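> Pasting in a structure now, in structure tokens, and then I'll have a few things to ask.
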Amino acid sequence: MYKSQPGGSGPRPPFAGGLGTRLMRRKPVERLIAEGGRGEGGSLRRSMGMWQLTMISIGATLGTGIFVVLGEAVPDAGPAVILSFVIAGITALFSALSYAELAGTIPVSGSSYSYAYATLGELVAWVCGWCLILEYGVSVAAVAVGWGQYLNELLSGTIGVTIPAALSQPPGSGGIFNLPALLVVMLAMVFLLGGAKESARANTIMVSVKIVALLLFCGVALQGVKSGNYQNFMPMGMAGVSAAGATLFFSYIGFDAASTAGEEARNPQRDLPRAIMLSLLIVTTLYCLVAAVAVGALPWQRFKGSEAALAGILKEVTGQDIWAVLLAAGAVVAIASVVLTVLYGQTRILFAMSRDGLMPRVFSKVHPKSGAPRANTVIVALFCGVLAAAVPLGQLADATSIGTLFAFALVNIAVIVLRRTRPDMHRSFRTPLSPLFPAIGFVLCVYMMGSLSPVTWAVFGLWMAVGLVVYFGYGMRRSRLAPSEK
């Protein structure tokens, strides 16, 4: 049993036992669930059903890989980028099965951070949470960068105006300050401040628009598909396919976004697993379909350097600007929904970490009227907005991928551990063939991480080093796990 700690400020008493004991202390599943929804000064509200949860995951996922990163992945893999999407999707599938089981068993806001806290101990949970900050927070900035590319397409095609490079590109890419990227993050912040229910409604509308836009692209671009463009299908070999797959895994990170809404779902045990699996199925199907049409309509060598590749394909196939303008309009809405939902996930993870004492209390303060963690939302949005305005897209996408893969690997381990330590727990969804499938998910994540560049690994190592300094200097001393816990 444990004794409740008062929610005051200041360092917590040291945990009884040595350093190793403190680092391995776990938060009981029952306590995680009992504390669910409660923050400083208010509570999150259970207002979302399965459809809204599915839309959150689709909203956080669909758009990034196709609208933004496709132009970077095709030069690595050639027409075999279709296989890269499949590989990334299969890697995501094994991890999605693990997420579905844990989301139904531990339906709280912290996602994989909370799952690791219940199974692998506080230090591993902190590392996982720190990876999620990289995954969610940085991906908001990365996607926002791509949003500006399509905004320029839309403006030039409708009113003949283009935002100058100085104000639409970050330093190092020919610009001074990426104003559109900052703008879309601020717009997402405004929606989130209104509350989860209102944000979910806006997201559902935007997701519908993005699906229609992608289907429109397929219908129009199919007219320009040439069989010759599929010849020399794998010009860079399997190494190129794997490298592109690792980069494209960035475009699958959103499927776990529903798990961050565990404390705002009306029936989380039933709906979270369904939402995670359904969203991954829809997204993977659309990604492969659009990629197949895109590389069939445009020689793969011409994708290099294009961050708005789909709009350019439509313009070339039809010879008319109207289709490209319509797609650009859909992309502007689509990518805005990714920013909205991923920003939402980041705030909920920080909410959970703050409630546990590992992050400052300001991140778990809930506004009594809207039920939203307002200060949390503003701080995260400002950080992501400035990051989006100052850092080029490619560096951000790869840094996000490695943080995502690391967190997913831990989730696969957590499923195996919880099956062994708590076999009696009720599970609304069970990963098939466990522990085989979670083990495969873990191995695939490690394999994908190995395909990333040394520079990305160096950035990740630096990020982890900073995280450990923060944990030992702040989080470990202020953890709210009771010192008498057994």
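The values are calculated or read from the model by the stated rules, or taken from the named source; none is laboratory data. Quick caveat, the model's predicted, so the values are computed rather than measured. Don't worry about glycine lacking a Cβ; one is built from the backbone with ideal geometry, like all the others, and counts go over all protein chains shown.
> Consider Arg31 against the criteria (1) touching a helix residue (DSSP H, G or I) at 6+ places or on another chain (Cβ under 8 Å); (2) in a helix (DSSP H, G or I); (3) at pLDDT 80 or above: it satisfies all of them except one. Which criterion is unmet?
Just one mismatch for Arg31, condition (1).
> Can you spot a residue in the range 282-293 that is crowded, with 22+ Cβ neighbours inside 10 Å, touching a residue at least 60 places away in the same chain (Cβ under 8 Å), closer than 30 Å to Ile33 by Cβ and of a type in the set (A, V, I, L, M)?
Yes, there is a match, as at least one residue in the range 282-293 is crowded, with 22+ Cβ neighbours inside 10 Å, touching a residue at least 60 places away in the same chain (Cβ under 8 Å), closer than 30 Å to Ile33 by Cβ and of a type in the set (A, V, I, L, M).
> Does Asp271 qualify as being in a helix (DSSP H, G or I), crowded, with 24+ Cβ neighbours inside 10 Å and in contact with a strand residue (DSSP E or B) (Cβ under 7 Å, 6 or more places away or on another chain)?
Yes.
> Would you be able to tell me the number of residues in the range 414-445 that are buried (at least 18 other Cβ atoms within 10 Å of the Cβ) and under 22 Å from Gly245 (Cβ atoms)?
7
> While we're looking at this one, here's another question. Quick check on this structure: which one of Leu187, Leu155, Leu151 is hydrophobic (A, V, I, L, M, F, W, C), over 16 Å from the mean Cα position of the chain (by Cα) and modelled with pLDDT of 85 or more?
Exactly one residue qualifies, and that residue is Leu187.
> Report the residue count in the range 111-133 for those that are assigned to a helix (DSSP H, G or I) and crowded, with 24+ Cβ neighbours inside 10 Å.
Of the residues in the range 111-133, 15 are assigned to a helix (DSSP H, G or I) and crowded, with 24+ Cβ neighbours inside 10 Å.
> Restricting attention to the range 318-332, which residues are aliphatic (A, V, I, L, M), surrounded by 20 or more Cβ atoms within 10 Å (Cβ to Cβ) and within 26 Å of the chain's Cα centre (by Cα)?
Selection gives Leu327, Ala328, Ala331, Val332.
> Still on this structure, please answer the following. For Val140, only one of the following conditions fails: (1) modelled with pLDDT of 85 or more; (2) crowded, with 23+ Cβ neighbours inside 10 Å. What is its number?
(1)
> Among the residues in the range 333-350, are any of a type outside the set (A, V, I, L, M), surrounded by fewer than 24 Cβ atoms within 10 Å (Cβ to Cβ) and not in a loop (DSSP other than H, G, I, E, B)?
Within the range 333-350, none of the residues are of a type outside the set (A, V, I, L, M), surrounded by fewer than 24 Cβ atoms within 10 Å (Cβ to Cβ) and not in a loop (DSSP other than H, G, I, E, B).
> Take the residues in the range 157-182 that are assigned to a helix (DSSP H, G or I), of a type outside the set (S, T, N, Q) and in contact (Cβ under 8 Å) with a residue 12 or more places away in the chain, then tell me which one is farthest from Val342 (Cα to Cα).
Gly157
> Please state which one of Gly10, Gly36 is buried (at least 20 other Cβ atoms within 10 Å of the Cβ) and at pLDDT below 80.
Gly36
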